[in-house]
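Chemist: This structure is in structure tokens; I'll ask about it shortly.
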Amino acid sequence: MALPSTIYRASVQLSDLDRQIYADLQTTVAQHPSETAERLLTRLLAYALCYDEELAFTKGVGSGDEPDIWSKGPDGRVKLWVEVGQPDPERLAKSCRHVERAFLFTFGANVSRWLTQHQQKLAQVKNLTVICIDFKFLGQLCDKLERVINWSITVTEGNVYLTFDGRTIEASLEHICGPPR
């Protein structure tokens, strides 16, 4: 019998000074049984960092040719494609040909090796922005992961200040390639 997804309820107070976006986000995030806490939290961060009113989570890990998050226009075409992790660069490049803008939020203990192998290919995709999330930053979030997530996020000059449980942690958004966020 397959294990069920774990449901998290997230409340995020977003102040993105770099994009002039201020919003109170309420969302539900499902964690697939095979998904790590780091990947789940990177999806939630990506949602906040790319937030617009049409942005939505997709079916997730098992959805095949869908991203982790997307935004569709009124005609049903995908405007914004957001992936997290270390996806197949060929599949990602192919997907980017059919969307206005794409983001990859990459992370992991071996991310530098993965980037060394694939950065040149990813940099050739003109509408793709690749951002690396610090793995230690994610580890601090994982240590306090609960089913109800309450965050306050401030983004300024490429830095993220995330407040939860009365403490603030920070990380730089390492821009690897592509247009600025």
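The values are calculated or read from the model by the stated rules, or taken from the named source; none is laboratory data. For clarity, every value in this text was computed on a predicted model and none was experimentally measured. When we count neighbours, we look across all protein chains shown, and the Cβ atoms used for this are built from the backbone with ideal geometry, even at glycine.
Chemist: What number of residues within segment 76-107 are at positive phi and under 12 Å from the mean Cα position of the chain (by Cα)?
Modeler: The first filter runs over segment 76-107 and keeps only residues at positive phi, leaving 76, 85.
Still in the list and also under 12 Å from the mean Cα position of the chain (by Cα): 85.
The qualifying residues number 1.
Chemist: How many of the residues in segment 76-114 are surrounded by fewer than 19 Cβ atoms within 10 Å (Cβ to Cβ), free of Cβ contacts under 8 Å to residues at least 24 places away in the same chain and either in a strand (DSSP E or B) or among the aliphatic types (A, V, I, L, M) (or both)?
Modeler: 1
Chemist: Something else now. Take the residues of segment 151-161 that are part of a strand (DSSP E or B), in contact (Cβ under 8 Å) with a residue 60 or more places away in the chain and not small (Gly, Ala, Ser): which is nearest to ILE131 (Cα to Cα)? Full working, then the answer.
Modeler: First, pick out the residues of segment 151-161 that are part of a strand (DSSP E or B): 151-156, 159-161.
Pick out the ones that are also in contact (Cβ under 8 Å) with a residue 60 or more places away in the chain and you get 151-156, 160.
Right, trim to not small (Gly, Ala, Ser) and you get 151, 153-156, 160.
Details: TRP151: 21, ILE153: 17, THR154: 17, VAL155: 14, THR156: 15, VAL160: 12 Å.
Top of the filtered list is VAL160.
Chemist: Taking the condition surrounded by fewer than 12 Cβ atoms within 10 Å (Cβ to Cβ), β-branched (Val, Ile, Thr) and out of contact with any helix residue (DSSP H, G or I) (no Cβ under 9 Å at 6 or more places or on another chain), does THR168 pass?
Modeler: Details: surrounded by fewer than 12 Cβ atoms within 10 Å (Cβ to Cβ): yes; β-branched (Val, Ile, Thr): yes; out of contact with any helix residue (DSSP H, G or I) (no Cβ under 9 Å at 6 or more places or on another chain): yes.
Spelling it out, THR168 is indeed surrounded by fewer than 12 Cβ atoms within 10 Å (Cβ to Cβ), β-branched (Val, Ile, Thr) and out of contact with any helix residue (DSSP H, G or I) (no Cβ under 9 Å at 6 or more places or on another chain).
Chemist: Also: Please enumerate the residues belonging to segment 159-179 that are of a type in the set (Ser, Thr, Tyr) and closer than 17 Å to GLY108 by Cβ. Break it down stepwise before answering.
Modeler: Restricting attention to segment 159-179, the residues satisfying the condition of being of a type in the set (Ser, Thr, Tyr) are 161, 163, 168, 172.
Passing the criteria: only SER172.
Chemist: Also: I need a count of the residues in segment 137-158 that are of a type outside the set (Phe, Trp, Tyr), touching a strand residue (DSSP E or B) at 6+ places or on another chain (Cβ under 7 Å), surrounded by 13 or more Cβ atoms within 10 Å (Cβ to Cβ) and at pLDDT 95 or above.
Modeler: Of segment 137-158, the ones of a type outside the set (Phe, Trp, Tyr) are 138-150, 152-158.
Within this subset, residues satisfying the condition of being touching a strand residue (DSSP E or B) at 6+ places or on another chain (Cβ under 7 Å) are 140, 144, 147-150, 152-155, 158.
Now narrow it down to the ones that are surrounded by 13 or more Cβ atoms within 10 Å (Cβ to Cβ): 140, 149-150, 152-155, 158.
Narrowing further to those that are at pLDDT 95 or above: 140, 149-150, 152-155.
Result for segment 137-158: 7.
Chemist: Only residues in segment 1-27 that are free of Cβ contacts under 8 Å to residues at least 12 places away in the same chain count as the first member; pair them with residues that are part of a strand (DSSP E or B) and among the polar types (S, T, N, Q), Cβ under 7 angstrom, at least 6 apart or cross-chain, and list the lot.
Modeler: From residues that are free of Cβ contacts under 8 Å to residues at least 12 places away in the same chain, the pairs are TYR22/SER15.
Okay, residues lined up against (1) surrounded by fewer than 23 Cβ atoms within 10 Å (Cβ to Cβ); (2) at pLDDT 95 or above; (3) within 8 Å of the chain's Cα centre (by Cα); (4) within 22 Å of PHE107 (Cβ to Cβ):
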residue: GLU38; (1), (2), (3), (4): yes, yes, no, yes
residue: GLY62; (1), (2), (3), (4): yes, no, no, yes
residue: SER71; (1), (2), (3), (4): yes, yes, no, yes
residue: PRO74; (1), (2), (3), (4): yes, no, no, no
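Chemist: Counting only residues that are outside any helix (DSSP H, G or I), closer than 20 Å to LEU14 by Cβ and of a type outside the set (Gly, Ala, Ser), how many does segment 35-60 have?
Modeler: Here is the first cut: in segment 35-60, the ones outside any helix (DSSP H, G or I) are 35-36, 50-60.
Remaining after also requiring closer than 20 Å to LEU14 by Cβ: 50-57.
Then keep just the ones that are of a type outside the set (Gly, Ala, Ser); that gives 50-55, 57.
Result for segment 35-60: 7.
Chemist: Mind checking whether some residue in segment 116-128 is closer than 22 Å to THR36 by Cβ, assigned to a strand (DSSP E or B) and either of a type in the set (Lys, Arg) or in contact with a Gly (Cβ under 9 Å, 6 or more places away or on another chain) (or both)?
Modeler: No, that holds for no residue.
Chemist: Still on this structure, please answer the following. Kindly indicate whether GLU35 is acidic (Asp, Glu) and under 19 Å from TRP81 (Cα atoms).
Modeler: Taking the combined requirement at face value, the residue does not satisfy it.
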